[in-house]
1. One residue is enough: does segment 208-220 have a residue meeting the conditions closer than 30 Å to residue 132 by Cβ and surrounded by 14 or more Cβ atoms within 10 Å (Cβ to Cβ)?
2. What are the pairs with Cβ atoms under 8 angstrom where one residue, in segment 270-288, is without any contact (Cβ under 8 Å) to a residue 60 or more places away in the chain and assigned by TED's automatic domain parsing to the domain that holds residue 181 and the other, located anywhere, is assigned to a loop (DSSP other than H, G, I, E, B) and crowded, with 23+ Cβ neighbours inside 10 Å? Sequence gap at least six, or different chains.
3. Filter segment 237-258 down to the residues that are outside any loop (DSSP other than H, G, I, E, B) and touching a residue at least 12 places away in the same chain (Cβ under 8 Å) and list them by number.
4. Conditions first: (1) surrounded by fewer than 20 Cβ atoms within 10 Å (Cβ to Cβ); (2) under 28 Å from residue 39 (Cβ atoms); (3) over 23 Å from the mean Cα position of the chain (by Cα). Residue 430 passes all but one, so which condition is the exception?
5. Which number in (1) in contact (Cβ under 8 Å) with a residue 12 or more places away in the chain; (2) part of a helix (DSSP H, G or I); (3) under 30 Å from residue 132 (Cβ atoms); (4) in contact with a helix residue (DSSP H, G or I) (Cβ under 9 Å, 6 or more places away or on another chain) marks the one condition that residue 404 misses?
6. It is to be established whether one or more residues within segment 361-377 are touching a strand residue (DSSP E or B) at 6+ places or on another chain (Cβ under 9 Å) and under 26 Å from residue 281 (Cβ atoms).
7. Quick one: in segment 437-451, which of the residues that are surrounded by fewer than 16 Cβ atoms within 10 Å (Cβ to Cβ) and touching a helix residue (DSSP H, G or I) at 6+ places or on another chain (Cβ under 9 Å) is farthest from residue 331 (Cα to Cα)?
8. What number goes with the only condition from (1) part of a helix (DSSP H, G or I); (2) exposed (fewer than 15 other Cβ atoms within 10 Å of the Cβ); (3) more than 27 Å from the chain's Cα centre (by Cα) that residue 322 does not pass?
């Protein structure tokens, strides 16, 4: 698609930190985004054992540790109650540095009309700043200081722990908990099953001394990447980043270890009862990682079935049958796993009919595939989506940053070309391989149908 080509460069700095610059001339802002392999999948080691010494040295002295409690989670053996460690560490980093308090850090960016923020995902933590174009040096300095020189004061720990506990409590009242329930159900052993925010049990048992080893292990140069988008010169950005991030702890990249996930050999269900008027259903199947070639055909299926008001599921279940209030497809492609799912909200009494109608649409796709017109519409939709994602410097830095951290950079033109290469036969083959009618996960949140 014309207009999506970008001038980008990637470099490995002397301390192992990766840098990606995306030059976008005549844009008024600059976005700096830092990524670290420190998401919730790293909360708990795969073997269920955490190395705890009797004490650990923090920035403000020696903090005592204790043996963690354990929690049985489904078919897993007991694991350390550290669920939420990654998310909490992200919060903890923003409580100030050894040189500046929190207000100073925010103020340095905000006086330039900018924004400073962070977030945790299942695979990584990201910190970012967006400012006017001449704020590049400030944005880089602030992010580097937060990442490499956090204060990590024990008194701040207890204050922030209350904040995160309340955040988890509030989240339990939201329909979004269905995605946590789905992840916990579709994966039995994979650490992607862990909720990003953590659990109340995990946060209650989390102590200051747990954070320091996690920070020292995960927040190292080899695990991190800086992506910068704007009206910039690569050489100047490299000079600034190399100078500001020189104090980031050295250490190698730590990719996730392989996981042997038990196969899904029958329907797997779960329900979370809530006294709400409507019930949410999320039904899906294991799919592919971000590195798999079938990802392109799945993107087509995602659009044909459930992206937008013209999609099959929306038209058939909402407009024609009047069974649902909303419905859409959801795909997740992680570094080593993925899923395809349909999310819908309906009256509890309609749950059975809705689930069967979704499976019927899967069956139709498995039997008939897609029409030539549907295929072309899906490809055009994907190209338009890519164009929208490329509208801002933060969006571009985000896309290139995640790809550079977890896999490889795929330009917008390359991504569109990959989708353009999908054929109707590809869609039919992929639908038959992944859209199983007897091996799926279906989870619900809300009230169950009255019998």
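The values are calculated or read from the model by the stated rules, or taken from the named source; none is laboratory data. Please read these numbers as outputs of a predicted model, since none were measured by experiment. Virtual Cβ from ideal backbone geometry, glycine too; neighbours counted across all protein chains shown.
1. Let us first name the residues in segment 208-220 that are closer than 30 Å to residue 132 by Cβ, namely 219.
Filter once more, so that each one left must be surrounded by 14 or more Cβ atoms within 10 Å (Cβ to Cβ): 219.
Taking every residue of segment 208-220 in turn, at least one turns out to be closer than 30 Å to residue 132 by Cβ and surrounded by 14 or more Cβ atoms within 10 Å (Cβ to Cβ).
2. So the pair list comes out empty.
3. At the first step, the residues of segment 237-258 found to be outside any loop (DSSP other than H, G, I, E, B) are 237-247.
Selection gives 237, 238, 240, 241, 242, 244, 245, 246, 247.
4. (1)
5. Residue 404 satisfies all of (1) in contact (Cβ under 8 Å) with a residue 12 or more places away in the chain; (2) part of a helix (DSSP H, G or I); (3) under 30 Å from residue 132 (Cβ atoms); (4) in contact with a helix residue (DSSP H, G or I) (Cβ under 9 Å, 6 or more places away or on another chain) except (4).
6. Taking segment 361-377 first, the residues touching a strand residue (DSSP E or B) at 6+ places or on another chain (Cβ under 9 Å) are 361-362.
Going one step further and asking which of them are under 26 Å from residue 281 (Cβ atoms), we end up with 361-362.
Within segment 361-377, one or more residues are touching a strand residue (DSSP E or B) at 6+ places or on another chain (Cβ under 9 Å) and under 26 Å from residue 281 (Cβ atoms).
7. First, the residues of segment 437-451 that are surrounded by fewer than 16 Cβ atoms within 10 Å (Cβ to Cβ): 437-439, 448-451.
So of that shortlist, the ones also touching a helix residue (DSSP H, G or I) at 6+ places or on another chain (Cβ under 9 Å) come out as 437, 448-450.
Numbers: 437: 18, 448: 26, 449: 27, 450: 31 Å.
So the residue we want is 450.
8. Looking at each condition in turn, residue 322 falls short on (1).
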